[in-house]
Amino acid sequence: MIQFFKSRVAAVSLAVTFSVFGSGLIVSDVLAQTTIPQAKAAIVDVTFILNSSETWKNAEKEMKARVDDVQKEIDVKKEQLKVRADELKRQQTILAPDVFQAKAREIQKDQLGLQREAQISNAKVNDVLNRMRGQLRGVIVKLAANVAAEKGMNIGFDRNNVIFFNDGMDITKEVLKRFNASKTKVEITVDKNQ
């Protein structure tokens, strides 16, 4: 029985040794086959490209026109409320106090509604601009990856997150040139029902 136990321990010991050293051989073979490439960094000023691009300038111009249209509508409604408030002031002496108060509350309610409408409109515009910026950033990142690959660079950093770098690593101008040449279009949709 002791002999059986000793041979069992030897077999287990041999199996453990083989699995440790054998798997070590397999792991070292895999590591030897996969060499990590040397990092060659590219720097891209994504914000500069976005703000300088023709695509963004055109989208901003279109959004400004839409904002101006909405603001005109709000201004017309404000003027209508002002006319109503002025008319109510003139009628104050001839109206019963409870009727005057009811009309004043109605005008205040309409003013609050108009303020809320303006806030919602601004929030929608900001949401659309943020979505557009996100879409354009995605295009810029893809273009930057292509430019970097062509130059033998294999890792990219946004300029806003880098403290210092060699100017030869900066591919911003080339990416901006390609971004403008791509004539990327973004669809501007504002949901009026929200």
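Remarks
- Where Arg159 falls short, out of the listed (1) touching a strand residue (DSSP E or B) at 6+ places or on another chain (Cβ under 6 Å); (2) closer than 29 Å to Val67 by Cα; (3) among the charged types (D, E, K, R): (2)
- Filtered residues of the range 158-187 (kept if hydroxyl-bearing (Ser, Thr, Tyr), open to solvent by less than 50 Å² (accessible area, probe 1.4 Å) and at pLDDT below 90): Thr184
- Unmet requirement for Gly152, which otherwise passes all of (1) at pLDDT 90 or above; (2) under 28 Å from Glu60 (Cα atoms); (3) outside any helix (DSSP H, G or I): (2)
- One residue from Gln108, Gln119, Gln91 being open to solvent by less than 60 Å² (accessible area, probe 1.4 Å) and within 30 Å of Val76 (Cα to Cα): Gln91
- Within the range 78-88, the set of residues being open to solvent by 80 Å² or more (accessible area, probe 1.4 Å) and touching a residue at least 12 places away in the same chain (Cβ under 8 Å) comprises Lys78, Arg84.
The values are calculated or read from the model by the stated rules, or taken from the named source; none is laboratory data. Note that the structure is predicted; figures quoted are calculated from it, not measured. Glycine gets a Cβ as well: all are built from the backbone with ideal geometry, and neighbour counts include every protein chain shown. With ligands, DNA and RNA removed, areas are computed over all heavy atoms of the protein, side chains included. Shrake-Rupley method; radii C 1.70, N 1.55, O 1.52, S 1.80 Å.
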